[in-house]
1. How many residues are surrounded by 13 or more Cβ atoms within 10 Å (Cβ to Cβ) and of a type in the set (Ser, Thr, Tyr) when one looks only at region 67-90?
2. Identify the single condition in (1) buried (at least 22 other Cβ atoms within 10 Å of the Cβ); (2) among the hydrophobic types (A, V, I, L, M, F, W, C); (3) more than 21 Å from PRO24 (Cβ to Cβ) that CYS64 does not satisfy, given that it satisfies every other one.
3. Within region 1-91, considering only helices (runs of 4 or more DSSP H) that don't extend past its boundaries, which have at least 1 residues that are modelled with pLDDT of 75 or more?
4. What is the one condition in (1) away from the ligand (no atom under 16 Å from the Cβ); (2) under 14 Å from GLU108 (Cβ atoms) that VAL74 does not satisfy?
5. Has region 58-71 got any residue that is of a type in the set (Ser, Thr, Tyr) and within 14 Å of the ligand (Cβ to nearest atom)?
6. Mind checking which residues of region 27-48 are of a type in the set (Ser, Thr, Tyr) and within 14 Å of the ligand (Cβ to nearest atom)?
7. Looking at GLU108 and the list (1) in a helix (DSSP H, G or I); (2) loosely packed, with under 12 Cβ neighbours inside 10 Å, which single condition is not satisfied?
Amino acid sequence: MAVYNSAWPRTFIFVEKATGCGMPEAKEVTSFEELRKFRLADEGYFVITDSNRDAIIHKVNAKCIKADSFNLKVTLNEGKQGGWFWVDSIATAAHEFRAKRCKVCKPELNLVQPSTFEG
Ligand SMILES: [Zn+2]
């Protein structure tokens, strides 16, 4: 019988669904290349999930998130104890991951989407 962490598959199912229905948006970050692209784009937030702790929301360019941590969690542990996700907003992170805001990089609560100003 397979033994697995119950939080992980549930998160994964959400990501699968979200890609088909537009917003809200969350994407699993599975490689350093993706991580780099998200940081260059400088939009949205990272949610780092952990099977032993609450998920945490960080700014994409926060200094408190480390490449070593990504390497350990995503590459070496293959996501078994949690993973990294990119989300479009704090609302998405809070709703879908029940994530808490990082006390170090302090992502803003009230993010106004750029599209609000269009038209
Ligand atoms: Zn942080």
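1. 1
2. CYS64 satisfies every listed condition except (1).
3. Hits in region 1-91: 32-41, 67-70.
4. (2)
5. There is at least one residue in region 58-71 that is of a type in the set (Ser, Thr, Tyr) and within 14 Å of the ligand (Cβ to nearest atom).
6. Our first condition is that a residue be of a type in the set (Ser, Thr, Tyr); within region 27-48, this holds for 30-31, 45.
TYR45 - this is the single residue of region 27-48 that is of a type in the set (Ser, Thr, Tyr) and within 14 Å of the ligand (Cβ to nearest atom).
7. GLU108 satisfies every listed condition except (1).
The values are calculated or read from the model by the stated rules, or taken from the named source; none is laboratory data. Everything numeric in this text was worked out from a predicted model, so none of it was measured. Note: ideal-geometry Cβ built from the backbone for every residue, glycine included; neighbour counts use all protein chains shown.
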